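Read the structure below first, then the notes.
Read the figures in this text as sums done on the coordinates, not as results from a lab. Note that this is a predicted model, so its numbers are computed, not measured. Heads up, the Cβs are rebuilt from the backbone with ideal geometry, glycines too, and the neighbour counts pull from every protein chain shown.
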Amino acid sequence: MFMYLSRVGSGSIVSLGVAALLGVALALAPASPARAASATSGSGSDPALTGSLGSLVLGTGSASAGAHEAPPYIEAADWADRGGWPVLEVVPAAAGRTSWGVDDEAAAWAEVVALAPDAATAGMREQFACHWVFARVVEPDKATWNLEPWRPVVSDIEMIASGCNPTSAGSSGSALS
């Protein structure tokens, strides 16, 4: 199944259908058991926290699928308060903005959890996976990827449609915060 994405309205990302936009094709493939194991091995994290969005394979004209760069992928992950709501501001390193190796997203998540152990929840993991796959394409120079622990766990389609910021199951959030 191939999907393409586009910015609409105020910059939110929505799933548009079958084809490719701007040369970006996303092939949805289930994570292999070996990949799921490698995503959690040595990090002490729960296999249930392995993001399914992280199993997306991305190929573009400028970055081929599987192009790996050495870590670190994450420069910083610091908690902040936005209007009384907690947010983990994740700052991707240069390699975290451009590396597309098979296990790079899982390694990057392990770096986030090492910097902010209380981030290891299913909802935060899924938001991170969405940012890893989509924010790097849509907003490659975005200063931070903002992950909020209060956001609900939703399906991959809902996560993508919400711009990685679901507000409740079945509804859309704001664009890539």
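Along segment 99-110, what does the Karplus equation 6.51 cos²θ - 1.76 cosθ + 1.60 (θ = phi - 60°) give for ³J(HN,Hα), rounded to whole Hz, x for Gly and Pro?
With the stated coefficients, segment 99-110 comes to 7, 10, x, 3, 9, 5, 5, 5, 5, 5, 4, 4 Hz.
Would you pull out the residues with amide H under 5 Å of Ile74's amide H, same chain only if 5 or more places away, H placed 1.01 Å from N?
Ala93
Could you tally the net charge around Glu89, taking each other residue with its Cβ under 12 Å from the Cβ of Glu89, Lys/Arg +1 and Asp/Glu -1?
Values: positive: Arg82, Lys142; negative: Glu75, Asp78, Asp81, Glu148.
Local charge sum for Glu89: -2.
Summing +1 for each Lys or Arg and -1 for each Asp or Glu, what net charge is found among the other residues whose Cβ lies under 13 Å from the Cβ of Pro72? Walk me through the intermediate numbers first.
Numbers: positive: Arg97; negative: Glu69, Glu75, Asp104, Glu111.
Value of the local net charge: -3.
Ala108: net charge of surrounding residues, Cβ under 12 Å, Lys/Arg +1, Asp/Glu -1, itself excluded? Provide the component values of the computation, followed by the final result.
Numbers: positive: Arg97, Arg125, Arg136; negative: Glu69, Glu75, Asp103, Asp104, Glu105, Glu111.
Summing Lys/Arg as +1 and Asp/Glu as -1 gives -3.
Quick one: what are the phi-derived ³J(HN,Hα) couplings along segment 140-148, Karplus 6.51/-1.76/1.60 with θ = phi - 60°, whole Hz, x for glycine and proline?
With the stated coefficients, segment 140-148 comes to x, 9, 4, 4, 9, 9, 9, 10, 10 Hz.
When the Karplus curve 6.51 cos²θ - 1.76 cosθ + 1.60 is applied with θ = phi - 60°, which whole-Hz ³J(HN,Hα) does each residue of segment 69-80 get, with x for Gly and Pro?
My calculation for segment 69-80 gives 10, 6, x, x, 9, 10, 7, 7, 8, 10, 7, 9 Hz in order.
Order 147-153, 122-128, 75-81 from most to least packed using the mean count of other Cβ atoms within 10 Å.
Working: 147-153: 17.4, 122-128: 24.1, 75-81: 13.3.
The peptides rank, most packed first, as 122-128, 147-153, 75-81.
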